[in-house]
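Working notes, structure below.
The values are calculated or read from the model by the stated rules, or taken from the named source; none is laboratory data. Keep in mind it's a predicted model, so treat the numbers as computed, not measured. Surface areas here come from the heavy atoms of the whole protein model, side chains and all, with no ligands, DNA or RNA. Shrake-Rupley method; radii C 1.70, N 1.55, O 1.52, S 1.80 Å.
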Amino acid sequence: MRGRTTSGVLGLVCALGTWPMTALGGTFLFTEEGFEDTIMHPVGYDGTGGVLEVTVCIVPGSADAEAMVVPIGNVVRTVSALVPTTANLQLGAENNVPPDRVDFESVALHELLHCVGLAHPNLGVAPDVDDPGFCSSHEGDDGEWDFDAGDDGVSGSGDDRRGDDVNLGWFQVANNDPFSIAPVVDRSTYSRDLDDLPNDDSFAAIASRTVAAVSAVAPGTESVMYQGTYLDEAQRTLGHDDVAMLRLAMAGHDEVAGTADDYALSLRFGGISAAGCDIRVDMDGSKTGFAACQAGAVFPLATHGSITNAVVYFHPEAAWFFNDVSNATGNPVVPAFSMGGLAALALGLLGIAVRVARRRA
């Protein structure tokens, strides 16, 4: 076994300044040189299939504990639903966030996904990185980043030329399209090996708003896990790439969908409670300058790990906006679904239903 700890931190960038940030590159947490194929699983996964319930609680006595109840409940339902959406960035008049505030729910969604095993698809603010929009990678044998945005001039798209940089991003083998999702998500349809790229693509594409702008996808579409958030911005639903990576992990240790070790992730909100919590949420300015997931893990297999403990910390003095509109009723406006996303969702839910029925039989 191998074991180590890490923190996933989401940075706030705005005209007023920059909060302190550190980067977590790659699609899954704990990916590092020599362990590039690591796939992380949430607390409690041990290779046994079925429904994996992960409880999320707000630490009693935390600042703004009551204000966090609605947005954290929303986040729990959003992650459990696994619905991929487009146009999931809502700016200005499209949202209920004041212009001088940061949407707590959007940041909490990002951090909670860290705490179930996901990392940034982009390099973000890694050392010596001038453009955070390139796909997450290692520097390669030469020890230096190779940054060439290709013919479209957009970093993070499929025509990037990255020299000997080692790709950490998982991509859809059929099309290298992070704005859609394969009907079946497992090691047969997603890869990290650049030799599996389609057509003339040279590197894994990521779901950033800048890549969306040059793609056949609705503007304002971005992976929740893309590092960086802004004032007056709401991102409260999952992108296709977010769902794909969760489902890739849910294919289990054998990385094959539809087998006995598959699991269905179900988050449960425990409210303001100190008991029975797998992921705790707390306001603590001594732990982060903005927001962070601090997690530990164990690695029973060379390429698979499971989170053992996780806490999401928020700085209490950040300019938070606490959304008070519940998504439990379905009344809030939800960004559009792509037809591919709806089809994949239907097939995924059907597969889960069939597997559950077989286990009960």
For segment 303-317, take each phi angle, set θ = phi - 60°, evaluate the Karplus expression 6.51 cos²θ - 1.76 cosθ + 1.60, and give the result in whole Hz per residue in order, putting x for glycine and proline.
-> 10, 9, x, 10, 4, 9, 7, 8, 9, 9, 9, 10, 7, x, 9
Cα gyration tensor of segment 48-111, axes a ≥ b ≥ c as square roots of the eigenvalues: rounded (a/c below 1.5), prolate (a/b > b/c) or oblate?
-> oblate
Please list, in chain and number order, the residues 5+ apart from Val281 or on another chain whose amide H is under 5 Å from its amide H, with Hs placed from the backbone.
-> Cys57, Ile58, Val59, Val312
Cα gyration tensor category, rounded, prolate or oblate, for segment 71-147 with a/c compared to 1.5 | prolate
Work out from phi, with θ = phi - 60° and the Karplus expression 6.51 cos²θ - 1.76 cosθ + 1.60, the ³J(HN,Hα) of each residue of segment 191-202, listed in order in whole Hz, and give x for Gly and Pro.
-> 8, 10, 7, 4, 5, 8, 5, x, 6, 9, 5, 10
Enter the accessible area of His138 (Å², nearest 10), with the probe set to 1.4 Å and all protein chains included.
-> 30 Å²
Under a 1.4 angstrom probe, counting protein chains only, how are Phe147, Phe104 ranked by accessible area, largest first?
-> Phe147, Phe104
Over the heavy atoms of Thr55, what accessible area does a 1.4 Å probe trace out, to the nearest 10 Å²?
-> 10 Å²
Roughly how many Å² is the accessible area per residue of segment 149-278, as a whole number, for a 1.4 Å probe?
-> 35 Å²
Using a/c under 1.5 as the rounded threshold, could you call segment 17-135 rounded, prolate or oblate? The axes a ≥ b ≥ c are square roots of the C-alpha gyration tensor eigenvalues, and prolate needs a/b larger than b/c, oblate otherwise.
-> oblate
